[in-house]
1. I'm trying to understand the selection: among the residues of the stretch 205-232, which are surrounded by fewer than 19 Cβ atoms within 10 Å (Cβ to Cβ) and of a type in the set (Phe, Trp, Tyr)?
2. Filter the stretch 47-63 down to the residues that are farther than 15 Å from residue 33 by Cα and either surrounded by fewer than 17 Cβ atoms within 10 Å (Cβ to Cβ) or in contact with a Leu (Cβ under 6 Å, 6 or more places away or on another chain) (or both) and list them by number.
3. Looking for whichever is aromatic (Phe, Trp, Tyr), free of Cβ contacts under 8 Å to residues at least 60 places away in the same chain and buried (at least 17 other Cβ atoms within 10 Å of the Cβ) here; the options are 285, 325. Which one fits?
4. Tell me, yes or no, whether the stretch 169-179 has at least one residue that is more than 26 Å from residue 69 (Cβ to Cβ), in contact (Cβ under 8 Å) with a residue 40 or more places away in the chain, of a type in the set (A, V, I, L, M) and surrounded by 14 or more Cβ atoms within 10 Å (Cβ to Cβ).
5. For residue 290, state whether it is surrounded by 23 or more Cβ atoms within 10 Å (Cβ to Cβ), in contact (Cβ under 8 Å) with a residue 40 or more places away in the chain, under 30 Å from residue 114 (Cβ atoms) and within 22 Å of the chain's Cα centre (by Cα).
6. Considering the stretch 38-65 alone, what residues qualify as being within 21 Å of the chain's Cα centre (by Cα) and among the small types (Gly, Ala, Ser)?
7. Output the residues belonging to the stretch 20-38 that are buried (at least 17 other Cβ atoms within 10 Å of the Cβ) and among the charged types (D, E, K, R).
8. Just need a number here: residues in the stretch 265-281 that are under 20 Å from residue 362 (Cα atoms) and either polar (S, T, N, Q) or crowded, with 24+ Cβ neighbours inside 10 Å (or both).
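The values are calculated or read from the model by the stated rules, or taken from the named source; none is laboratory data. A quick note: this is a predicted structure, and the numbers were derived from the prediction, not measured. Please note: Cβ atoms are built from the backbone with ideal geometry, for glycine as well, and neighbour counts cover all protein chains shown.
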Amino acid sequence: MKIALYQPWIYLYGGLEKSLLEVVTRSQHDWVVFTGHYEPKNTFPEFKNVDVRVLNSTSVKRTLLGTLISAFQIARQKIPADDFDAVVVWCDGLGDFISFRNHSLPLMNICSTPLRAAFDPVYERQVLANSGFLYHLSYKLFKFGFKIVDKAAWRYFDSIITTSTEVKNRIIEGELCTDESRMVMAYPGIEFKSSLEDVTYEPFILLPGRIMWTKNIQLAISAFLKADLNTPWKLKIAGFLDEKSQTYLEELKELANHSSNIEFIISPSHQELSLLYKQTAFCLFPPLNEDWGIVPLESMNHAKAVIANSSGGPKESIENKRTGFLLQPDVDAWAEKIRLLAGDISLCKRMGLSANERVKSFSWSEFVKRIDNTLSNIIKE
């Protein structure tokens, strides 16, 4: 069957882009990817082998006004559906607005998350923490109006793939869909690393992933500094950076106080990142209420324990005290576990081996199989 897939933006190295790529390359169906913004030089090079077609331009600005403009642009998009058997929307907040003009065919939503600004109270508290009265008021008005329109967009979906329990709860609690029979859980996964011969445990800690404010990297830096580890221990922050996050990077460097023990590796190659995973003693994953999180899976795949916050996706992927530690977002608590693991490499290895065994539960093949089966069912109906 031929499937049209819509994702508003493809321009980053992130978990969403990786998941999308795995689906269109592994699926039994034929896919054409439609988007409103495509930067092939700034995302996975494998997209060059995918049929990607750009519709009218969609803004990537994530201010309140920018989000409204993007939502309006997406709602006006029309996918040429004559040659397709179904339309799939990959939703990370705004993609679902495409449903208004594209529901003549069976329509499925792969939901990485509803818009966090409207449906995640943890995210909202972070945004409003230091805001003034006018921004606070603007935000509340935006949220109220957005939720009304978004609920209207969701009524067109025949089936919904949720990528974690956290995402499913946001959907239900936000009343986007309360019929659980329309929902299918499918966890994004990894390509399992069966051989660990090249894995070592060197005296550095890895924090991989995109460098942006939602990743809460300041918690990890503060905890590392508080842990006050002896030389030669280092914290290596390796991630992809876009223009919008440049100011945040400078704030992180200032927080690190130009410490020689904290290293920023900007936009590492696949080979560089793979080597860091293989060599690190353990990994840190500090986001709050993350939708799912590919980083913990990649860490565990390389037999590395993970320290993460006890919220969102990591609560499902990490087994506390067995494959890593799930903590409150408290600097002292994080510093304590950093000192514990850094002071006991044998513990790092034991937890790492348990993590490697645990990660077998999350495979790309199972993820894609669930999506393919759900698609086949709604097309038959």
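1. 213
2. 61, 62, 63
3. Values: 285 fails: free of Cβ contacts under 8 Å to residues at least 60 places away in the same chain.
When all the criteria are applied, what remains is 325.
4. No, the stretch 169-179 contains no residue that is more than 26 Å from residue 69 (Cβ to Cβ), in contact (Cβ under 8 Å) with a residue 40 or more places away in the chain, of a type in the set (A, V, I, L, M) and surrounded by 14 or more Cβ atoms within 10 Å (Cβ to Cβ).
5. Details: surrounded by 23 or more Cβ atoms within 10 Å (Cβ to Cβ): yes; in contact (Cβ under 8 Å) with a residue 40 or more places away in the chain: yes; under 30 Å from residue 114 (Cβ atoms): yes; within 22 Å of the chain's Cα centre (by Cα): yes.
So residue 290 fits the description; yes.
6. 59
7. Answer for the stretch 20-38, where residues must be buried (at least 17 other Cβ atoms within 10 Å of the Cβ) and among the charged types (D, E, K, R): just 22.
8. At the first step, the residues of the stretch 265-281 found to be under 20 Å from residue 362 (Cα atoms) are 274, 277-278.
Right, trim to either polar (S, T, N, Q) or crowded, with 24+ Cβ neighbours inside 10 Å (or both) and you get 274.
Of the residues in the stretch 265-281, 1 are under 20 Å from residue 362 (Cα atoms) and either polar (S, T, N, Q) or crowded, with 24+ Cβ neighbours inside 10 Å (or both).
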